[in-house]
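Step one of this worksheet: look at the structure below.
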Amino acid sequence: MSGKKGYHHGNLPETLLGLGLEAIESEGREGLSLRALAERAGVSKAAPYRHFADRDDFLSALANEGYRLLYEALRAAVPPRESEILPSLGRAYLAFALSRPSLYRLMTAPGVCVVDQGSAASVPGAPPSEPGWPRRALLFLAECLARDAARQVGEPVPSADSAAAAWAYIHGLVMLRIDELFPLDYGEPDWEFLAGTFPRLQSRRDPDSGLTGS
């Protein structure tokens, strides 16, 4: 059944996102075309615009899908031993970015995919909305930091500082690696070791940090 005779695809948004994940790695962000993806999906060139307002909207959805995949990769990396949680997460984060460098750059590009600033509904009286995937990834990292802090010093709630420091560290490390910014004549860093070494700030209670899902 040819989509060029009309829109008949039953799961087009997911199909386009799947094709987009492949295309962004082979063609880069600038080379990604909704029309080309529509042709690969076997639908008309106009069909994607029934689901995405424009190319920027599709790129935002693709970045959000990237955060979903990152979140799932981090959850899958949690080991049985509590003492190995942070090293395992760091290595999983690095592995994800190395396997999808163009997607990772898109996910962290300014204005493409923004971490929602809270799950409270904007309409008074409406139920809270689910956190988006970028926020879920941060919340999961914060939760693991809390578990590590509790194991280390008995302090169950990480500060916003510790979560920001951890994400800044692993993101900076990833960008050095995937963009080859580190001068190799200085020596090849042990990226796996570094990815498993999160900075540990002195934990402090911060009930207004905003790092909650509700």
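The values are calculated or read from the model by the stated rules, or taken from the named source; none is laboratory data. Quick caveat: nothing in here was measured; it's all calculated off a predicted structure. Virtual Cβ from ideal backbone geometry, glycine too; neighbours counted across all protein chains shown.
Observations on the model:
- Qualifying residue in the range 57-70 (condition: among the aromatic types (F, W, Y), under 26 Å from D179 (Cα atoms) and either surrounded by 17 or more Cβ atoms within 10 Å (Cβ to Cβ) or touching a helix residue (DSSP H, G or I) at 6+ places or on another chain (Cβ under 8 Å) (or both)): yes
- Considering residues of the range 41-56 that are of a type in the set (D, E, K, R) and surrounded by fewer than 14 Cβ atoms within 10 Å (Cβ to Cβ) only, the residue nearest to the chain's Cα centre (by Cα): D56
- The range 37-74, subset among the basic types (K, R) and touching a residue at least 12 places away in the same chain (Cβ under 8 Å), residue nearest to L141 (Cα to Cα): R68
- Unique residue being modelled with pLDDT of 95 or more and of a type in the set (G, A, S) when the list is A53, A73: A73
- Any chance P87 is surrounded by fewer than 20 Cβ atoms within 10 Å (Cβ to Cβ), modelled with pLDDT of 95 or more and within 21 Å of the chain's Cα centre (by Cα): no
- Checking each residue of the range 152-161 against the condition of being closer than 30 Å to L59 by Cβ, surrounded by fewer than 19 Cβ atoms within 10 Å (Cβ to Cβ), at pLDDT below 55 and in contact with a Ser or Thr (Cβ under 6 Å, 6 or more places away or on another chain) gives no match.
- Extreme residue, farthest from the chain's Cα centre (by Cα), among residues of the range 170-190 that are assigned to a loop (DSSP other than H, G, I, E, B) and of a type in the set (A, V, I, L, M, F, W, C): F182
- Per the listing L17, L37, L32, the residue uniquely under 24 Å from A97 (Cβ atoms), touching an Asp or Glu at 6+ places or on another chain (Cβ under 6 Å) and at pLDDT 90 or above is L17.
- Among the candidates Y169, Y93, the residue that is within 27 Å of A23 (Cβ to Cβ), aromatic (F, W, Y), at pLDDT 70 or above and buried (at least 16 other Cβ atoms within 10 Å of the Cβ) is uniquely Y93.
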